[in-house]
1. So, in the stretch 276-305, how many residues would count as being small (Gly, Ala, Ser) and buried (at least 20 other Cβ atoms within 10 Å of the Cβ)?
2. Scan Val148, Val96 and give me the residue that is among the β-branched types (Val, Ile, Thr), touching a Leu at 6+ places or on another chain (Cβ under 9 Å) and assigned by TED's automatic domain parsing to the domain that holds Val27.
3. Kindly indicate the residue of the stretch 273-304 that is of a type in the set (A, V, I, L, M) and at pLDDT 85 or above and also nearest to His54 (Cα to Cα) among those meeting that condition.
4. Would you point out which residue out of Ala31, Ala41 is under 18 Å from Cys114 (Cβ atoms) and either of a type in the set (Asp, Glu) or part of a helix (DSSP H, G or I) (or both)?
5. Which of the following residues is among the β-branched types (Val, Ile, Thr) and within 30 Å of Leu245 (Cα to Cα): Val79, Val97, Val134?
6. Considering only residues that are surrounded by fewer than 19 Cβ atoms within 10 Å (Cβ to Cβ) and acidic (Asp, Glu), look in the stretch 35-72 and name the one that is farthest from Ile184 (Cα to Cα).
7. Would you pick out the residues in the stretch 1-25 that are of a type in the set (D, E, K, R), in a loop (DSSP other than H, G, I, E, B) and at pLDDT below 90?
8. Cβ contacts < 9 Å: first residue not assigned by TED's automatic domain parsing to the domain that holds Phe58, restricted to the stretch 8-26; second residue hydrophobic (A, V, I, L, M, F, W, C) and in a strand (DSSP E or B), any location; separation 6+ or different chain. Result?
Amino acid sequence: MPESNFTNDGIQILFPPSQSSEKTLIVVGIARGGTSLAAGALSHLGVFMGEAAHSPVFEDLRLSSAFENNDITAIYSIVSSYNVQHKTWGWKRPSVVNYLSSVHEAVRNPHYICLFKDLFSVANRNRISMESEVLKNMERSLIEYSNVVQFLTTNKPPCLMVSYDKALANKKLFIDRICEFAGIEPSSEEYQNAMNFITPSPKEYFDATRAGKIIGHIDVVSRNTVHGWAALSADTEPKPLTIILLINNKPIAELIADKYREDLLGHKVHVTGYAGFEFILDDKHTLKPGDIIRIQEKSSGVDLVNSPWTITEENTA
């Protein structure tokens with residue numbers, strides 16, 4: 001048996017796509033479960049994600065509102081319009097896990113991209129929440145994931161299953177599987193834009209941060225997430241750094257920067273690649289234009305590159 005059969009890459013086509021060129025790509029996952037990753041990748045690959053879908057969440061609230069208000073007339077009107085304008089188009093809404101059957105009946109040739117993320121990572125919200133809230137959130141997430149699994153088991157629709165962490169760790173494989181599943185052929189520019197969206201990693205910013213003992217970078221900021229990496233430079237046996245998120249100079253959360261980043265390894269910035277971080281903000285700390293965030297290494301107070309970062313309208317769209 002080939003060695004690849006034993007490899008768990010965490011990105012698999014569960015039920016194969018149809019041969020039709022007309023598809024509706026439904027991004028499925030729980031709130032803060034990584035759906036923006038897939039929706040943003042699709043958008044950068046040239047897939048229309050809805051008239052009201054914009055960076056950084058790529059969520060068409062117009063269609064979402066129609067479904068959640070059970071407005072059959074609006075659903076039919078919007079879906080029909082998108083079908084006429086686009087052979088393949090997509091839609092992302094985390095709450096869709098609660099009404100998948102309705103969506104399945106309403107759209108043309110539905111194909112599902114299902115994101116799965118570590119339950120505790122989602123529920124913990126970077127240690128901001130209290131213990132009871134964490135457990136309650138985990139219980140809710142389990143129910144919602146169960147809804148997804150039951151729907152897939154019953155209907156067996158075309159489906160791409162994606163581990164959020166595996167997608168971040170191997171973004172090329174993730175993009176390639178999306179293209180295969182969706183039946184799309186992006187331009188080289190669109191392909192590179194999608195790669196950069198998942199983990200912006202121009203070699204220049206790595207080179208710019210090599211000189212100091214504490215190195216790192218804020219990569220992507222949205223209204224409720226902050227992504228990046230942090231590490232000690234030239235460390236052959238690196239220990240993950242503890243970093244602090246400050247909003248308007250007030251410490252909000254801290255975590256250990258130990259998520260795997262393939263690009264750090266590829267650019268020889270870090271010997272293991274385990275130096276990434278992701279802060280997930282609760283509703284109380286949602287970022288708004290004018291807010292200033294900082295990411296600092298805890299023991300030294302050293303700011304990462306791009307820290308401080310002033311939040312703009314684009315970050316919170």
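The values are calculated or read from the model by the stated rules, or taken from the named source; none is laboratory data. Nothing here was measured: the structure is a model prediction, and the numbers come from that model. Here the Cβ is made from the backbone with ideal geometry for all residues, glycine too, and neighbour counts use every protein chain on show.
1. Result for the stretch 276-305: 1.
2. Only one candidate qualifies: Val148.
3. That would be Leu287.
4. Ala41
5. Result of the check over Val79, Val97, Val134: Val134.
6. Selected residue: Asp71.
7. If the condition is that a residue be of a type in the set (D, E, K, R), in a loop (DSSP other than H, G, I, E, B) and at pLDDT below 90, then Asp9 is the only one that fits.
8. Note: no pairs meet the criteria.
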